[in-house]
There are 2 protein chains.
Amino acid sequence: MLEELDETAEQILDAAGKRFIHYGYGKTTMSEIANDCNMSTGNLYRYFPSKMDIAEAFASRVRRTHLKELTQIAEDRDRSPSGKLREFLQTKLRLSYELYHGNPRIYEMSQVIVIERPEMIDEWAGREGHVLAHILEEGDKAGVFKIEDSALMAKVIQDAAFRFSTSNIYYAEDIEQLQLELDIIVDLLLDANMYRVQQAK
Amino acid sequence: MLEELDETAEQILDAAGKRFIHYGYGKTTMSEIANDCNMSTGNLYRYFPSKMDIAEAFASRVRRTHLKELTQIAEDRDRSPSGKLREFLQTKLRLSYELYHGNPRIYEMSQVIVIERPEMIDEWAGREGHVLAHILEEGDKAGVFKIEDSALMAKVIQDAAFRFSTSNIYYAEDIEQLQLELDIIVDLLLDANMYRVQQAK
DNA sequence: TAATTGAATACTATATATTTTATTCATTGA
DNA sequence: TCAATGAATAAAATATATAGTATTCAATTA
């Protein structure tokens, strides 16, 4: 899912994506997608094994742009490791909120993918964990973090922020309250770290 | 949901509960429940307004026993506030695991209740938060915790442990790994607190 | 020979008919 | 008068028929 796609495949994804967003996965037909691309239904299958794979590729594309933004935060030279950690988690919250809020079609699609392609969700969570681990390692090297196992700690931080990345909260709750609560969790993580840095001396 | 029930109502709950566990909510009929109690279907409605209310009362009963166990931990004179916090969260994980693991019927029922009676879930989470807040306040008074707003901090701790109380993880994952990760989160919470106690001096 | 088509097939979803089950309530028994 | 019944009704679930859609593949095109 990280490799480059054919130009035709990109065209199919663009057309399919528009319809998924407007009408939802279920209400989008393969012949509609084919028409939008001025090709036959059969030809779609030269580029994607199934309709579900088009949806998966579309979702992957969205998560790829999210991962890029999160990676930029991790690589930002003007930010401290602590600032990166907070910005990473808050940005992930904001991106998810913007994606789902007031978008029942996207939400529906997300539910389908969670059922049909759970490995894909895990893969992207793993990649995000990898970026998070990088932030932690950088902080550890700089002496501002004290972390034994950065991969494990990244996973635990993802656990602690899990409530803020599960799509079903983005309807009911308003984002300000969520941001507030997430900030308090980050405060706790950073204070725990401060204590560990002290103890290590 | 905290008040005492009629003896007949208890009998109905017992009979219904057995069938819910064995065959699930959907596959249990009102006339089966009535038969088990040697009464007519109509009479069930003298004690519960609907079948869903029987399910809700049954679920409430389960959560009441859980809350009792959690409250005992909070009131244990032989445990430190830190020990109580860890035991509270680990016990909640264990109780949920024992309830759901290998019990597809209970899981199914839980899903139905989440949809039909979301307020009931919130109410019990609120009550558990209340017990958690008590632990935090006790620690604060004893000087081992430094907490501004115990209700808010209880809510944030529940957020951070959210991943471990959402029922859908109890199938896939094994409990040892979950306990391990939860323990690390508790370590973080306690270390954050240690730092705050120090700073307050 | 690789790319593409579109009709044929297999599968899914929707609409309809049928059956089962939840709920009500006039009646009965204690 | 209160507790309970069980047949009558309303609602939901299931089975069946129908229509729509995903997928395949032999034929066609570039």
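The values are calculated or read from the model by the stated rules, or taken from the named source; none is laboratory data. Being a predicted model, the structure only gives us computed values, none of them experimental. Quick reminder, even Gly has a Cβ in these numbers, built from the backbone with ideal geometry, and neighbours come from all protein chains shown.
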Test for A:Ser31: is it away from chain B (no Cβ under 14 Å), touching a helix residue (DSSP H, G or I) at 6+ places or on another chain (Cβ under 7 Å) and within 14 Å of DNA strand C (Cβ to nearest atom): yes
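Yes or no, residue by residue, for (1) at pLDDT below 95; (2) exposed (fewer than 15 other Cβ atoms within 10 Å of the Cβ); (3) within 16 Å of DNA strand C (Cβ to nearest atom):
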{"position": "B:Thr8", "(1), (2), (3)": "yes, yes, yes"}
{"position": "B:Leu13", "(1), (2), (3)": "no, no, yes"}
{"position": "B:Arg19", "(1), (2), (3)": "no, no, yes"}
{"position": "B:His22", "(1), (2), (3)": "no, yes, yes"}
{"position": "B:Asp36", "(1), (2), (3)": "no, no, yes"}
{"position": "B:Met52", "(1), (2), (3)": "no, yes, yes"}
{"position": "B:Phe58", "(1), (2), (3)": "no, no, yes"}
{"position": "B:Lys84", "(1), (2), (3)": "no, no, no"}
Breaking point among (1) surrounded by 13 or more Cβ atoms within 10 Å (Cβ to Cβ); (2) near DNA strand C (Cβ under 10 Å from one of its atoms); (3) outside any helix (DSSP H, G or I); (4) not hydroxyl-bearing (Ser, Thr, Tyr), for A:Phe48: (2)
Single condition A:Ala16 does not satisfy, out of (1) touching a residue at least 40 places away in the same chain (Cβ under 8 Å); (2) closer than 28 Å to A:Gln158 by Cβ; (3) within 16 Å of DNA strand D (Cβ to nearest atom): (2)
Helices (runs of 4 or more DSSP H) lying entirely in the stretch B:109-172 (those with 1 or more residues that are at the interface with chain A (Cβ under 10 Å from one of its Cβ atoms) and of a type in the set (Gly, Ala, Ser)): B:150-160, B:169-172
The stretch A:173-196: number of residues that are within 9 Å of another protein chain (Cβ to nearest Cβ) and aliphatic (A, V, I, L, M): 8
Complete set of residues in the stretch A:163-189 that are at pLDDT below 95 and touching a Phe, Trp or Tyr at 6+ places or on another chain (Cβ under 7 Å): A:Arg163, A:Ser167, A:Tyr170, A:Ile175, A:Leu178
Criterion (away from DNA strand D (no atom under 16 Å from the Cβ) and basic (Lys, Arg)) met by exactly one of B:Lys92, B:Lys51: B:Lys92
Selection from the stretch B:30-48 of residues that are under 17 Å from B:Met109 (Cα atoms) and more than 10 Å from DNA strand D (Cβ to nearest atom): B:Ile33
